[in-house]
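Visitor: Okay, handing you the structure first.
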Amino acid sequence: MKERPRIRVDAGGKRMLEEAARADHLSVSGFVLRSVGTRAEEVIADRRFVRLSSAAPEAFAEASQRPARLNDRLADALRRPGKSDWLD
């Protein structure tokens, strides 16, 4: 069953959506769905993966060679259930 989301937009926003949809040869609904879908994928991907700087791999390698130190706050955090997924 298809859902029908409802949004409210002021007159200027509606005109802008209509103009953009015409420029892309889409209906307003098609334009909004495509745009929202693209943005939703970006947001989800940003939360799923961590982007590191180019210096991060070397820093990680150096840190992994040092002896581990007990950190009570980190240990407590790791014991709590979380919303993150581990990638295998």
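We did not get these values from a lab; they are worked out from the coordinates using the rules stated. What you see is a predicted model; the values in this text were computed from it and never measured. Please note: Cβ atoms are built from the backbone with ideal geometry, for glycine as well, and neighbour counts cover all protein chains shown.
Visitor: I want the local charge near Ala11. Using Cβ-Cβ distances under 14 Å, sum +1 for each Lys or Arg and -1 for each Asp or Glu among the other residues.
Guide: Summing Lys and Arg as +1 and Asp and Glu as -1 gives 0.
Visitor: Would you be so kind as to identify which of Ser35, Ala59, Ile7 lies farthest towards the positive end of the dipole of the chain, taking Lys and Arg as +1 and Asp and Glu as -1 on Cβ and the Cα centre as origin?
Guide: It is Ile7, whose Cα lies furthest towards the positive end.
Visitor: Starting from segment 1-62, pick out the GluC sites (Glu not before Pro) whose DSSP state is loop and whose Cβ has at most 10 other Cβ atoms within 10 Å.
Guide: Filter output for segment 1-62: Glu3.
Visitor: Points 7 angstrom from Cα along the Cβ direction at Glu58 and Asp46: gap in nanometres?
Guide: 2.9
Visitor: Also: Just the number: Rg to Rh for segment 20-88, Cα atoms, Kirkwood Rh, two decimals.
Guide: Using Cα coordinates only, the ratio equals 1.25.
Visitor: For n ≥ 4 DSSP H runs only, could you compute -39500 (n - 2.57) per run for the chain, divide by its residues and tell me the 222 nm figure to the nearest 500?
Guide: Here the helix-only value at 222 nm equals -18500 deg cm²/dmol.
Visitor: Also, quick follow-up: What full-extension length gain, to one decimal in nm, is calculated for Arg22 and Arg34 as 0.36 nm per residue of separation minus the Cα-Cα distance?
Guide: Extra length from Arg22 to Arg34 when fully extended: 3.0 nm.
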